[in-house]
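FYI, it's all coordinate maths here, none of it is from the lab. Predicted, not measured: the structure shown is a model, and the values here were computed from it. Glycine gets a Cβ as well: all are built from the backbone with ideal geometry, and neighbour counts include every protein chain shown.
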């Protein structure tokens, strides 16, 4: 018998609000490039723009450990989606650098609540790894479309404002699914065999193992975000054609979708750690291919491997936290872990690339990914 928490009427709206919450990240290279070109920001300043977004993101989700099982999810979404959209629009209307960063942070907080609720709905299913894989695939679709069409349309006509208009518009379109979002989650833990156990702390639950998995998720996404945020700039400094880069970025989200669908296909067949390690190693290889390559073909292969690795690795990282989390509260902390990574990565990459080159960004990214593997493996070894 299939649990009601595996029903599509719960899962589809959860996937929709996750797609809204992830949209900013999925078009991050275009956002960063348009902001630098249109607003005259330096490389280090433009790295702080996604950091501001994810600072707000983290502030909104740090308290989710306490509220995620108490709030009415439908009401919370109805409140925070308009906040997110108004924050986006404020980034092009509020004056000065501080207005830009503050409004961006506000929008990050709004999107974080949506993403956190979507993630938690899927954590209640019997196979979180599979649905997290589907989630990443669904999230990539609107991003891929925007990366393909925006450079020659809204960005060409309106610059940075065109990116903001597109983000706001697509977010409101996806809100069509929100009325069917469940109002609350499960208070029980659903097992792979569809039996249920009370969602209570187990004496053998190792909290340090959970924290290591969360730290591994943070490291993984720090490296992923730093590389992804500046992948368009990496191609630009090699003097590759801007239109070709835009089309490639759209295609890379297809590779991210393939990676996440690989996760959905694997499910629990190989556990979480082995496929996570494979995906992380692919990202290290991608960093090597992107390292000062004069060939657009090698650049394209590196970009494709990077996004495939992100799409495959992130669902397994989140699923590992869900598997170690016996009382159902720690899974929400994967959202600020991801948000912290997305905040730290671009800011650090911008600082490392202050001289206009990206050698240090690629090297530090590769080392950080390897550290993420060690953290995830360590957490699994400590698990009861």
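Ordered by the number of other Cβ atoms lying within 10 Å of each residue's own Cβ, fewest first, 268, 381 fall into the sequence 381, 268. Each residue, residue 270 and residue 78, gets one label point 7 Å from its Cα in the Cβ direction; the gap between the two is 4.4 nm.
Fully extending the segment from residue 12 to residue 62 would add 15.5 nm, taking 0.36 nm per residue of separation and subtracting the current Cα-Cα distance. Relative to the dominant Cα principal axis of the chain, helix 296-324 is inclined by about 20°.
Angle of helix 8-26 to the longest C-alpha principal axis of the chain, folded into 0 to 90 degrees and rounded to 10: 30°. Among 377, 138, the ranking by other beta carbons within 10 Å of each residue's beta carbon, starting with the fewest, stands as 377, 138. Each helix, a run of at least 4 DSSP H residues, gives -39500 (n - 2.57); summed and divided by the residues of the chain, these come to -25500 deg cm²/dmol at 222 nm. GNM, the chain, Cα, under 10 Å: largest mean-square fluctuation among 340, 225, 260? Looking only at 340, 225, 260, the biggest GNM fluctuation is shown by 340. Quick check: pseudo-label points 7 Å beyond the Cα along Cα→Cβ at residue 285 and residue 298, how many nm apart are they? Those two pseudo-labels are separated by 1.6 nm.
Largest GNM mean-square fluctuation among 264, 223, 156, using the chain with Cα springs under 10 Å: 156.
How high is the FRET efficiency from residue 359 to residue 381, r the C-beta distance, R0 30 Å, rounded to 0.05? That pair, residue 359 with residue 381, gives E of 0.30. Net length available on complete extension from residue 93 to residue 157 is 21.3 nm, with 0.36 nm assigned per residue and the Cα-Cα distance removed. For the chain, set up a GNM with springs between Cα atoms under 10 Å and report which of 26, 127, 206 has the largest fluctuation. It is 206. Compute the Cα gyration tensor for the range 41-85, then decide on rounded, prolate or oblate, letting a ≥ b ≥ c be the square roots of its eigenvalues: rounded whenever a/c is under 1.5, prolate when a/b is larger than b/c in the other cases, and oblate in all that remain. Because a/c hits 1.5 or more and a/b fails to exceed b/c, the range 41-85 counts as oblate. As I understand it, the value is the acute angle between the Cα axis of helix 160-174 and the longest principal axis of the Cα atoms of the chain; what does it come to in degrees, rounded to 10? Result, in degrees: 30. Placing R0 at 30 angstrom, the Cβ-Cβ distance between residue 70 and residue 371 gives a FRET efficiency of 0.30 after rounding to 0.05. Neighbour counts of other Cβ atoms within 10 Å put 17, 281, 369, 338 in the fewest-to-most order 281, 369, 17, 338.
Centre-to-centre separation between the Cα atoms of the range 20-85 and those of the range 341-384: 20 Å.
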